[in-house]
Amino acid sequence: MRREKIACSHCHLEFSPDVMIEQKAGDERLYFCCKGCQGVYNLIHDQGLERFYERSATVPLTPQSRHLEESSRFDAPAFMAQFAKSKGELLEIALVVEGIHCAACVWLNEKVLHETDGVVEATINFSTNKAKILWDPTQIKLSKIIDTIRAIGYDAYAYDPKVSENKNSTVRKEYFARLIVAVFASMNIMWIALAHYAGYFTGMDASIKTILNVAEWILATPVLFYSGWVFYRGAYYGARNGFVNMDTLVATGATLTYAYSIYATLTQHGEAYFDSVSMIITFVLFGKFLEVLSKKAASDTLDKMNRHIPMEVNKVASDGTITAIPLHSVEVDDVLEVRAGERFALDGVVIEGETYVDESSLTGESVPVWKQKGDSVISGTNALNGSVRMAVRSTFENSTFAKLVRMLEESLDKKPAIERLANRLSGRFSSTILFLAIMTFIVWIAPWGVDATFERTLMVAISVIVIACPCALALATPVATLVGVSLGAKKGVLFKEAAHIETLAKATTLFVDKTGTLTYGKPMVVEQIDFAPIEESIVASMTAQSIHPISKAVNSYCESPTRGHERFVSHAGRGIEMIVAEHTYWGGSATFLREQGVAIPDEVYEGLHFWVARDKELCRLYRLEDTLREGAGEFVDAMKRAHIEVIMLTGDTLHNAQAVANAVGITTLHAHLSPDEKAALVKARRAISEGVVMVGDGVNDTIALASADIAISMGHGADVAVDTSDVVLLHDDLYALQEAFVVARRTYRLIKQNLLLSLLYNATTIPLAVSGYIIPLIAALSMSASSLLVVGNSLRIKWKG
């Protein structure tokens with residue numbers, strides 16, 4: 001005789017008594033399927049965490065069976081250097097906890113870790129399984145924390161952005177495959193449905209009708225159980241956590257419709273609605289797919305920031321030999337060589353050589369800075385035309401660039417998710433409709449109610465669910481935003497996430513960077529002042545061979561072709577010397593020309609200067625400025641009309657910033673700011689105001705961009721600024737920036753209209769369905785019509801755009 005199986009006291013899985021481990025606990029007998037479950041059970045009770053079994057009573061746990069990696073590697077210095085962060089005397093690490101599948105799992109892990117000596121803080125995000133753990137390394141090792149997590153049946157590994165991106169990519173591919181199956185099957189079902197609907201009104205032989213029903217049944221099955229699996233999964237997790245969501249409504253309506261359609265097909269009594277099943281799943285899955293595509297991974301941004309720093313550097317030994325070593329191996333006072341075109345990976349001081357350094361990635365200012373012996377250099381900046389040797393003044397973990405990365409990561413972690421209007425409505429809506437369908441079924445079948453037949457009652461209840469199936473509600477936001485995103489792209493505005501349209505439409509404050517945003521970000525000749533005659537070809541020849549941005553700007557201004565010369569010398573960081581036909585020509589700064597004996601007037605000229613002299617005679621002055629972008633003033637005026645306050649943030653001097661602000665009509669500005677000071681101002685405004693937008697283009701703007709509700713980057717900006725931003729201006733002009741606000745507000749207005757239309761539709765049709773005036777066929781058609789109404793309304797933005 002077959003013996004009855006018994007459940008494991010920990011994981012609740014049932015096994016034969018022959019393989020169970022028996023344990024006495026007072027008068028109670030306990031049974032365990034393995035030593036792992038027995039150990040976990042005893043640990044939970046020893047810690048006083050018996051409530052875990054109350055929370056997980058309905059959820060079978062998975063006994064530990066796979067081989068786990070040796071935990072001692074988590075204490076390795078290389079591992080700690082890469083993943084652990086210092087928080088004073090404490091350490092912090094981000095882990096991904098495997099095996100979490102419900103709120104009880106999160107509760108258990110957090111409680112056990114909080115009870116562990118040396119663990120100061122442990123928080124786990126249920127949606128991502130990402131845990132942040134803060135611990136005292138003098139009391140407990142990280143390997144002990146990992147062992148503790150493993151002891152209760154879970155596993156943990158260090159959070160790696162690349163691993164997260166691989167998982168996100170897998171999810172996108174999964175949704176795409178499911179959507180392809182749904183679309184293919186739905187298109188074929190609709191062809192069959194055309195014949196079906198025609199026969200419904202004109203008459204059709206029962207055998208032909210059954211054949212068509214079976215064909216639709218075959219096509220609808222993979223749509224429901226493969227493409228629609230995501231809704232069953234969401235409904236399951238929703239039910240397990242005690243709430244009804246949109247997935248519950250979609251899964252319930254589709255399943256009941258499918259079940260009834262099978263009944264109608266097999267009994268040849270009533271109508272089959274397999275086309276409704278397919279369309280319900282396809283429409284809503286399309287909205288889900290758009291949502292998956294729009295998710296922005298912070299790991300991408302952080303990875304691309306790190307690409308600005310080389311993983312190896314050239315270390316100079318005491319005997320002069322140069323060896324490439326890993327970046328994390330460098331210590332303070334080590335000597336490194338940085339060649340032309342390479343980036344400074346660490347902060348330090350130049351001890352040999354000289355070069356122009358491009359600091360625009362950090363400061364946002366385009367003019368390179370001359371560096372020579374004794375000058376400080378910053379990690380993340382780029383050596384342009386010379387090789388230097390530097391003494392390291394900080395390790396990479398404490399470098400300027402590493403601090404920017406950490407600040408960005410914290411800003412991205414704290415950035416709140418934008419709640420869509422449809423999501424705010426769908427929770428109560430779904431619960432209400434499901435409850436209403438159940439009550440309708442009871443009233444219709446009860447003797448004291450309508451007292452209808454089971455078939456009639458089921459059809460009415462299904463009609464309620466199908467006609468109220470939130471396709472229109474689900475599509476109200478994604479379709480409108482998809483059209484808005486498409487229109488924005490045509491106008492040079494790239495919204496990285498459709499959800500950002502809502503926040504941009506609600507903007508009340510706009511922070512703008514000066515250089516590269518309101519201005520072009522590069523010097524241009526605005527005035528030529530002549531003191532004595534000089535051939536323009538001389539100036540063109542002099543500046544053609546220089547790499548300095550000022551020389552390039554002057555060369556672009558000159559329209560004359562170059563000419564030959566006997567001698568050319570570039571005095572790095574100061575000026576140019578050129579000999580033509582026994583005359584010596586000088587070009588560069590006022591200081592450089594004075595050193596050559598040229599008399600420079602004491603009159604003060606605004607902007608940047610390029611002086612030109614022949615022998616000892618001053619000939620010409622080119623005055624350069626970072627000129628305003630076309631339409632800057634009109635853009636600021638448009639923002640004011642839209643009741644958006646514009647505030648300028650810049651690392652430039654107050655004098656230059658004020659000149660730009662006055663020219664475009666900005667009344668509030670902050671100058672001479674560091675990257676963290678920009679971010680602090682943005683965060684301060686967010687604390688008192690909603691809808692804070694930041695526009696920038698350099699790495700110096702990255703932290704401020706990440707701190708804003710919406711970050712907008714000019715298309716020419718640094719890669720990091722573009723990656724951090726939520727909106728990118730492809731056309732790289734202020735007209736595109738203005739269009740971003742116009743498209744966002746117009747799209748958001750359509751979203752609200754779509755929601756209103758869907759709610760009015762449900763308010764009108766649901767009472768009719770409850771009253772029994774609508775059969776599932778008409779309910780399905782009405783559901784599709786409501787979706788088409790929303791789509792048609794969304795397309796109006798194209799006609800206006």
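The values are calculated or read from the model by the stated rules, or taken from the named source; none is laboratory data. Keep in mind the model is a prediction, meaning the values are calculated, not measured. Glycine gets a Cβ as well: all are built from the backbone with ideal geometry, and neighbour counts include every protein chain shown. The protein model used for the area step is the full one, side chains on, heavy atoms only, and it has no ligands, DNA or RNA in it. Shrake-Rupley method; radii C 1.70, N 1.55, O 1.52, S 1.80 Å.
Restricting the search to the range 528-544, which residues are over 17 Å from residue 600 (Cα atoms) and among the charged types (D, E, K, R)? Scanning the range 528-544 gives 535, 536.
One line per residue, one yes/no per condition, for (1) farther than 17 Å from residue 257 by Cβ; (2) among the aliphatic types (A, V, I, L, M); (3) open to solvent by 70 Å² or more (accessible area, probe 1.4 Å):
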residue: 194; (1), (2), (3): yes, yes, yes
residue: 197; (1), (2), (3): no, no, no
residue: 206; (1), (2), (3): yes, yes, no
residue: 213; (1), (2), (3): no, no, no
residue: 224; (1), (2), (3): no, yes, no
residue: 227; (1), (2), (3): no, no, no
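No other residue among 309, 262, 281 is under 30 Å from residue 398 (Cα atoms), among the β-branched types (Val, Ile, Thr) and either at pLDDT 85 or above or open to solvent by less than 30 Å² (accessible area, probe 1.4 Å) (or both) apart from 309. Taken together, the residues in the range 165-211 that are modelled with pLDDT of 90 or more and basic (Lys, Arg) amount to 1.
Picking from residues in the range 639-654 that are open to solvent by 60 Å² or more (accessible area, probe 1.4 Å) and either modelled with pLDDT of 90 or more or not assigned by TED's automatic domain parsing to the domain that holds residue 507 (or both), the one that is nearest to the chain's Cα centre (by Cα) is 645.
Out of the residues in the range 124-144 meeting the condition of being closer than 16 Å to residue 113 by Cα and among the β-branched types (Val, Ile, Thr), tell me which one is modelled with the lowest pLDDT. Here the answer is 124.
Quick check: anything in the range 362-372 open to solvent by less than 30 Å² (accessible area, probe 1.4 Å), in a helix (DSSP H, G or I), outside the structural domain of residue 672 (by TED's automatic domain parsing) and modelled with pLDDT under 80? Yes; the residues of the range 362-372 include at least one that is open to solvent by less than 30 Å² (accessible area, probe 1.4 Å), in a helix (DSSP H, G or I), outside the structural domain of residue 672 (by TED's automatic domain parsing) and modelled with pLDDT under 80.
Contact map, the range 516-528: residues that are in a strand (DSSP E or B) paired with residues that are at pLDDT 80 or above and open to solvent by 70 Å² or more (accessible area, probe 1.4 Å), Cβ distance under 7 Å, separation 6+ or inter-chain. Pairs shown: 525/557. So is residue 635 touching a Phe, Trp or Tyr at 6+ places or on another chain (Cβ under 9 Å), among the aromatic types (Phe, Trp, Tyr) and in contact (Cβ under 8 Å) with a residue 60 or more places away in the chain or not? So residue 635 passes the test. Consider residue 466 carefully, then state whether it is of a type in the set (A, V, I, L, M), closer than 16 Å to residue 768 by Cα, open to solvent by 60 Å² or more (accessible area, probe 1.4 Å) and modelled with pLDDT under 85. It is false that residue 466 is of a type in the set (A, V, I, L, M), closer than 16 Å to residue 768 by Cα, open to solvent by 60 Å² or more (accessible area, probe 1.4 Å) and modelled with pLDDT under 85.
Exactly one residue out of 721, 779 is within 30 Å of residue 672 (Cβ to Cβ), crowded, with 24+ Cβ neighbours inside 10 Å, touching a helix residue (DSSP H, G or I) at 6+ places or on another chain (Cβ under 7 Å) and at pLDDT below 75: that is 721.
Among the residues of the range 145-157, is there at least one that is open to solvent by less than 40 Å² (accessible area, probe 1.4 Å) and modelled with pLDDT under 75? Yes - at least one qualifying residue is present in the range 145-157.
Please tell me if residue 387 is modelled with pLDDT of 85 or more and in the same structural domain as residue 327 (by TED's automatic domain parsing). It is true that residue 387 is modelled with pLDDT of 85 or more and in the same structural domain as residue 327 (by TED's automatic domain parsing). Considering the range 470-514, and only residues there that are part of a loop (DSSP other than H, G, I, E, B), open to solvent by 10 Å² or more (accessible area, probe 1.4 Å) and not acidic (Asp, Glu), the residue that is modelled with the highest pLDDT turns out to be 508. You will find that of 758, 771, 787, the residue that is in the same structural domain as residue 258 (by TED's automatic domain parsing) and at pLDDT below 75 is 787 and no other.
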